[in-house]
Amino acid sequence: MQMHLLFRSLFNALCLSMLFTTENCYTESGLFFDVSATETTSPLQIKLALDGQGPLSYQNYTVDGLNLTISTTIPHHTYPFAGIKIDNPGYRIADLPQTKDGYYLFSVSDNSPVTLLIIPPNPPWYPSLEAFEHYNSGRSHVFPEATFGGSYSGNNTVDILNSPMVYPSGYNMSYLGPNDLFIYGGGYGDVAGSVGAFVAKVAPTTLGPIWYNQLINTSINGEWDYPGSMGILQDGFIYVSYGYRLAKLNKNGVIIDTLTLPTGGAEPKNTSFNGFNATSDGIIVMKSVYRQAGCSIQGPDALLQCPDPTDVPASILLSINPQTMRIIDNITLPAPVGARPTIGRFNEKEYVYLLEPTTAIRYEVREGKFILDNSWTPEPFVSSGQTLCTSFVVMNDWVVAQTNTLPASTALDVIAINQGDSSKLYKFQPFEGDPIPPLVEEAFSTQGPDGTQAISWAPMSVSADPENNLIYASDSLPGKIAALTITAGGLEMVWKAEQTTTEFTTLIGSQTNRVLVGTDIPGPEIPGNNINDFVVWRNAATGEELARSPLLPAMTQGTMVQPYYNGNMFFEGQAGTLIKLMPAP
Amino acid sequence: MMRLGPSFYQKILIIICSFIVNLNSAAILADNWDEKRYEEQNDFDCTLQPACFNFLAEIANGEPIFQLGWFTATQGKSQHVDIEGLIGDDFEVNHSSDQNLLVGIGYYFNWLATSVVRMQYGINAFYLGSTEVKGHVIQEDLFTNLSYRYSCTNYPIYFSAKALIPCGMCDDYDIVIDLGIGPNIVNTHSFKEKSLDGGITIPDHIFSGKNTVVFSATAGLGWRINHIWENHSLEIGYRFFYLGQGELKKVNNQVKNTLRTGNGYANALVISISI
């Protein structure tokens, strides 16, 4: 009997050992991760590591979307430092720092998936949430890394935090990261307290200045104080255009170089380069605007209130090497050009798009040299009673804009021109026939061309969402905002809502959860002379209001609610208060 | 064919005893060399081997040997490698046996001979050519996504004793028994990993080569032909090597423990020429 038990035990042990042996023999190769992707893009090569610090235990994957949901296939184990690396140059992961090996670390397990957002490259701008005033050189106003802090089902509140000191007429903000944020302002010489351009580094929690560099004092030298802009190129330096100068600062506020720019046919004191743009290889492009000679009115008011604002020379267009801070090319444009230059890439060529009084032109930019494209000549699209367009925005194969940057007696047109064929030109009047509030109508009774009744005024450019094929237009006199789309037959309205704004709109959030953010002037107040604003968050696909801020002081006119990290945004009060907006469910 | 009669087994017994006793004698000699005193202590008859009375002279008159051989080595050990934050990798060995050539060089001198055995002592260094260990990496104890391989090269240096037993009536042949102990420099190198899933999994390359000094021993049995050409002799024999355990070097801070070779062994056929 004992012998029987012995043999039985031996048999069992043999079976068990065979079982373990068999298990080892039949282990197979397999994937560590389950990956699903939304927001379609061209295929991207990524590496996913169970240990992103090593990196160790890592595999190649191909994804065809920007929004990734990742979990592991290994049961019952959490990987605290899993990592993702994107092999395609310039792509990065939103909100995560990069290791020296190029990985972004996250925690994941088989039952706790992680969602990651891939941010496409944005040359030549620094890879942060906002480095350039309108995100990219095409001025889309889509900030893909920014998120909405509230709930997409509405019922949100918005907390605010006021800065302890003023940043007069703050214009735009640029970031190296969440803790390195900079504000440029002071360019509205017609606003009390604005005495010329400044740049400051802002503490993200208190909003107090870490350093403050007043670049010029126009109240002393009398030069025209008109808004320029600030941007951070991939070299990490801060570039600021103000008046007829371009300054290069490091992140500590130290001026590395200042380039004095040529002023064309006008005196330096009446010249301003209203912002700048840059080609994908980092060449800075700047264009001049002028105050009428002999006019001493400050700020944007000079463009309206000087005796004859149109009595100015043709603008000049410059290209500048930011490394050497030397001018590469300098050409005189056919006419005065008000709107800021927009740069788009089409068929492997890079173009700068400019809006003349009634039509548009473009130059190819080749190694910094401007070459007029005589094959791209849209027919005049500014109708009688309309005024100039604001800047173009590049949207896929199209450039889009809206007329009536100055008060106009004809409803504004949204214009879309094909980059490949300028004869393909679509126009659409989204606000035609919309009633104007009586007080506004009265305030603008003689503001139109030649003293006519103005019915339309859009001092801001459109915003455009290339991924969703949507254009956002606004008109501050009827107090409306609308979304349009380009179809084979032309422009079509998607939605329209009541909202009175004189500012640019901001698009934040991922492609499938895009949110449109803009100011809204309270009902009784007159656009342009308003003393208050709300900030409104809308579902960009439907126009549904998601959140509304408390009543705020008026924003610097013609600027934009600035996106920031963690679902928050910044509001630049005209009087100088910087306000952090924190929407939450 | 050689006939192995009772006298042969007696000789083997004497040889083993000689090894033990001679090692003891060598220790005494090292402490306090005194020929006379040693002679008194030594039970063996040294009169047939005058050289044992002059140790230094024997060393000076020793014979260099050169060796060439072929060996088959067994190395490699399946083991688990812990990785920070991960379950870790199982390094399984699939191919632990490999062959290569060996070369050796040595220097032996005669000392303490008896009527049945002539003893030689010396130093003998070998170079055992590179042998390869291959296996699979089971990542997270679940997925066999990688294979790996690495090579070992051994450089053992032995303090050796060699017993030469005359073969019966013929002076031209000896049976040779070798024993030796000493350090072995185990050089691991050429660690490589390879994807088994068409390049989806990327090799980690978490180890690199390393030199490790370990204890080693050798034993051999051979057949020696004396005076094959003038004073030169030729020896053909079998050698067993215990090569000790080497290891690889971690090259990633996330890896907690290193990969070891396991205890290595080699069996060799060796041809030696003494000059």
In nm, the gap between the two label points placed 7 Å beyond Cα toward Cβ at A:T73 and B:K194 is 2.2 nm
Spelling it out for B:I228: with amide H atoms placed in the peptide plane at 1.01 Å from N, the residues 5 or more places away or on another chain with amide H under 5 Å from its amide H are B:S233, B:L234
Quick calc, B:T258 & A:M325: beta-carbon distance into FRET formula, R0 56 Å, rounding 0.05, result 0.55
Residues meeting the amide H criterion for B:S216 (H placed from the backbone, H to H distance under 5 Å, 5 or more places apart or on another chain) are B:G182, B:N184
Restricting to lysines and to Cα separations under 22 Å from B:K194, and discarding same-chain partners fewer than 8 apart, the set is A:K47, A:K85, B:K77, B:K134, B:K210, B:K249, B:K250, B:K256
Extend 7 Å from the Cα of A:T542 along its Cα-to-C-beta direction; within segment A:475-509, residues with backbone N under 14 Å of that point are A:495-496
Residue-ordered couplings for segment A:397-413, obtained by feeding phi - 60° into the Karplus form 6.51 cos²θ - 1.76 cosθ + 1.60 and rounding to whole Hz (Gly and Pro as x), are 7, 10, 10, 10, 7, 9, 7, 6, 5, 10, x, 9, 9, 10, 3, 6, 10
Spelling it out for A:F33: with amide H atoms placed in the peptide plane at 1.01 Å from N, the residues 5 or more places away or on another chain with amide H under 5 Å from its amide H are A:T73
Computed ³J(HN,Hα) along segment A:305-313: with the Karplus parameters 6.51/-1.76/1.60, θ = phi - 60°, integer Hz and x for glycine or proline, the list is 10, 5, x, 9, x, 7, 7, 9, x
Quick note on A:H76, B:H136, ordering by fewest other C-beta atoms within 10 Å, gives A:H76, B:H136
Among A:S445, A:N321, A:M395, the residue whose Cα sits farthest towards the positive end of the charge dipole of segment A:142-584, when +1 is placed on the Cβ of each Lys and Arg and -1 on the Cβ of each Asp and Glu, is A:N321
Sorting A:L477, A:F571, A:Q557 by the position of each Cα along the dipole of segment A:142-584 (Lys, Arg +1; Asp, Glu -1; all at Cβ), the one nearest the positive end of that ordering is A:F571
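Does the protein assembly as shown come out rounded, prolate or oblate by the C-alpha gyration tensor, with a ≥ b ≥ c the root eigenvalues, rounded set by a/c under 1.5 and, if not, prolate when a/b is larger than b/c and oblate if not? Working shown, then result.
Numbers: a/c = 3.91, a/b = 3.01, b/c = 1.30.
Prolate.
Where the only charges are on Cβ atoms (+1 Lys, Arg; -1 Asp, Glu), what is the dipole of segment A:243-380 about its Cα centre, to the nearest 20 debye?
Working: 13 positive and 14 negative charges, 98 e Å.
The dipole magnitude comes to about 460 debye.
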Computed ³J(HN,Hα) along segment A:235-248: with the Karplus parameters 6.51/-1.76/1.60, θ = phi - 60°, integer Hz and x for glycine or proline, the list is 6, x, 8, 9, 10, 10, 9, 8, x, 10, 9, 10, 10, 10
Classified through the alpha carbon gyration tensor (a ≥ b ≥ c as square roots of its eigenvalues; rounded if a/c is under 1.5, else prolate when a/b is larger than b/c, else oblate), segment A:142-584 comes out rounded
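Rounded, prolate or oblate for segment A:420-561? Axes are the square roots of the Cα gyration tensor eigenvalues, ordered a ≥ b ≥ c, and the cut-off for rounded is a/c under 1.5.
On the way: a/c = 2.08, a/b = 1.19, b/c = 1.74.
It is oblate, given that a/c is not under 1.5 and a/b is not larger than b/c.
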About its Cα centre, the protein assembly as shown carries a charge dipole, from +1 on Lys and Arg Cβ atoms and -1 on Asp and Glu Cβ atoms, whose size in debye to the nearest 20 is 1320 debye
Answer in debye to the nearest 20: the dipole magnitude of segment B:66-205 about its Cα centre, from +1 Lys/Arg and -1 Asp/Glu charges placed on Cβ, is 640 debye
The lysines whose Cα lies under 20 Å from the Cα of A:K269, excluding any fewer than 8 residues away in the same chain, are A:K287
Across all Cα atoms of segment A:33-119, Rg and the largest Cα-Cα distance (Dmax), in Å, are 11.7, 35
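Residue separation times 0.36 nm, minus the C-alpha to C-alpha distance between A:T358 and A:E28: what's the value? Can you show the working numbers first?
Values: separation 330, 0.36 × 330 = 118.80 nm, distance 6.83 nm.
That works out to 112.0 nm of additional length.
Every number here is computed from the coordinates shown, using simple stated rules; none is lab data. As the structure is a prediction and not an experimental result, all values here were calculated from the model. Cβ coordinates were reconstructed from backbone atoms using ideal geometry, including for glycine residues, and neighbour counts include every protein chain displayed.
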